[in-house]
Amino acid sequence: MSIFKGSGVALVTPFKDGRIDYDALERLIEWHIEEGTDAIISCGTTGEASTLSAVEKLSVIEFTVQKVCGRIPVIAGAGTNDTSHSMYLAKEIQYAGADGLLVVTPYYNKATQKGLISHYNMIADYTDLPIILYSVKSRTGLNIEPETVKELSKHPNIVGIKEASGDISQICRIAALCGKNFDLYSGNDDQTIPIMSIGGIGCISTVANIIPKDYHQMTEDFLKGRYKSAAKLQLKMVPLIRALFAEVNPIPVKAALHMMGKIEKEYRLPMCEPSNQTLYQLYDEMAKYGLKVK
């Protein structure tokens, strides 16, 4: 069974005065459920997980699970560059009540493909939760090769992949090798409909942070066979997507949410304030899209 289909938001982690802003987080969670978001991904890249302590990370995940209260799935980031620490996080996240895990490839120390297989299988052996692999070479310096994905898909707890390589040829090969019983999610907002056209069942999205209703509608349209409508929405989003990735994620998307009055514009170093040029571009594209900005 798939953990979710459709629009999964890679939710930001709001901060205020250097600490996690739980009031803002609760408002975001409720807004996403009201707008039709199909799943919440907590403490991923967009959630600035790399600058959260283990205690903070588990606190955010537990808080999110409690506030969602079973209304939609909660998937939590458990990936690190240390297999044993990822195993610890996986177990603690399971205790917190999450519905699944998102596990990025090891970064900095990286791994061989053989090491990747051992890394993921050990984590999968240590938890009962379903795992979505996360391949994003631009951040980690490490790609999960299609043949490696096929091997990992044999583990009953490894159920899908968030593919953010940007390489459509590679993604097609994964789809061909793993078949329909292995879930494929787009990890790039501008490739959601192309990936769904080859068997993908949704996206783990940054852009859904600010247009949750449209993102849900786009993926739902495709899943229900309304392909032209889905394609139209995908193309409408392109200028907004470009603006939201004008600087390193999640710098622009947090600025966008601040413009919408949803969160404080606060980051943890090395993430920092966007340039004025990025802010102007973002403001213009959000206004053109029809979003209310201040």
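The values are calculated or read from the model by the stated rules, or taken from the named source; none is laboratory data. Quantities reported herein were computed from a predicted structural model and do not represent experimental measurements. Here the Cβ is made from the backbone with ideal geometry for all residues, glycine too, and neighbour counts use every protein chain on show. Side chains included, ligands, DNA and RNA excluded: accessible areas come from the protein's heavy atoms. Shrake-Rupley method; radii C 1.70, N 1.55, O 1.52, S 1.80 Å.
Only residues that are surrounded by 24 or more Cβ atoms within 10 Å (Cβ to Cβ) and modelled with pLDDT under 95 were counted in segment 1-27, giving 0. For Ser118, only one of the following conditions fails: (1) among the hydroxyl-bearing types (Ser, Thr, Tyr); (2) part of a helix (DSSP H, G or I); (3) under 21 Å from Arg173 (Cβ atoms). What is its number? Condition (3) is where Ser118 drops out. Filtering Ile193, Ile201 for residues that are in contact with a Gly (Cβ under 8 Å, 6 or more places away or on another chain), closer than 30 Å to Gln170 by Cα and of a type in the set (A, V, I, L, M) leaves a single hit, Ile201.
Somewhere in segment 252-269, is a residue free of Cβ contacts under 8 Å to residues at least 40 places away in the same chain, of a type in the set (A, V, I, L, M, F, W, C), open to solvent by 10 Å² or more (accessible area, probe 1.4 Å) and under 29 Å from Pro146 (Cβ atoms)? Before the answer, list the steps.
Taking segment 252-269 as the starting set, the residues that turn out to be free of Cβ contacts under 8 Å to residues at least 40 places away in the same chain are 252, 255, 258-259, 261, 265.
Still in the list and also of a type in the set (A, V, I, L, M, F, W, C): 255, 259.
Remaining after also requiring open to solvent by 10 Å² or more (accessible area, probe 1.4 Å): 259.
Keeping just the survivors that are under 29 Å from Pro146 (Cβ atoms) gives none.
No, segment 252-269 has no match at all.
The set of residues in segment 25-53 that are in contact (Cβ under 8 Å) with a residue 60 or more places away in the chain and acidic (Asp, Glu) comprises Glu35, Asp38, Glu48. The residues of segment 237-290 that are in a helix (DSSP H, G or I), among the polar types (S, T, N, Q) and under 27 Å from Met218 (Cβ atoms), listed by number, are Thr278, Gln281. Scanning segment 216-225 for residues that are assigned to a helix (DSSP H, G or I) and either polar (S, T, N, Q) or more than 18 Å from Thr46 (Cβ to Cβ) (or both) yields Gln217, Met218, Thr219, Glu220, Asp221, Phe222, Leu223. Residues to consider are Lys228, Lys213; find the one that is over 21 Å from Glu285 (Cα atoms) and either free of Cβ contacts under 8 Å to residues at least 12 places away in the same chain or in a helix (DSSP H, G or I) (or both). Every option except Lys228 fails the conditions.
Which ones in segment 187-201 are more than 27 Å from Lys292 (Cβ to Cβ) and either in a helix (DSSP H, G or I) or touching a Ser or Thr at 6+ places or on another chain (Cβ under 8 Å) (or both)? Let's see the steps before the verdict.
Of segment 187-201, the ones more than 27 Å from Lys292 (Cβ to Cβ) are 187, 191, 194-201.
Matches in segment 187-201: Gly187, Gln191, Pro194, Ile195, Met196, Gly200, Ile201.
On inspection, Ser118 fails the criterion of being more than 21 Å from the chain's Cα centre (by Cα) and open to solvent by 70 Å² or more (accessible area, probe 1.4 Å).
When the residues of segment 28-73 are filtered to those that are in a helix (DSSP H, G or I) and touching a Lys or Arg at 6+ places or on another chain (Cβ under 7 Å), the one that is surrounded by the fewest Cβ atoms within 10 Å (Cβ to Cβ) is Thr51.
Considering every residue within segment 175-183, establish whether at least one is open to solvent by less than 10 Å² (accessible area, probe 1.4 Å) and not polar (S, T, N, Q). Scanning segment 175-183 turns up no residue that is open to solvent by less than 10 Å² (accessible area, probe 1.4 Å) and not polar (S, T, N, Q). Checked against the criterion of being within 18 Å of Thr83 (Cβ to Cβ) and either modelled with pLDDT of 95 or more or open to solvent by 50 Å² or more (accessible area, probe 1.4 Å) (or both), segment 157-169 has at least one qualifying residue. Of all the residues in segment 121-140, those that are open to solvent by 10 Å² or more (accessible area, probe 1.4 Å), in a helix (DSSP H, G or I) and in contact (Cβ under 8 Å) with a residue 40 or more places away in the chain number 1. Kindly indicate the residue of segment 161-181 that is in a loop (DSSP other than H, G, I, E, B) and small (Gly, Ala, Ser) and also farthest from Thr192 (Cα to Cα) among those meeting that condition. Step by step, filter segment 161-181, then rank; the result is Gly179. Out of Ala90, Ala111, one residue alone is part of a loop (DSSP other than H, G, I, E, B), among the small types (Gly, Ala, Ser) and farther than 18 Å from Lys180 by Cα. It is Ala111.
Please tell me if Ser84 is free of Cβ contacts under 8 Å to residues at least 24 places away in the same chain, over 25 Å from Ile201 (Cβ atoms), within 16 Å of the chain's Cα centre (by Cα) and open to solvent by 10 Å² or more (accessible area, probe 1.4 Å).
no
Just to be sure before I move on: is Asn143 over 18 Å from Pro73 (Cβ atoms), open to solvent by 40 Å² or more (accessible area, probe 1.4 Å), in a loop (DSSP other than H, G, I, E, B) and not β-branched (Val, Ile, Thr) in the structure I sent? In short, no.
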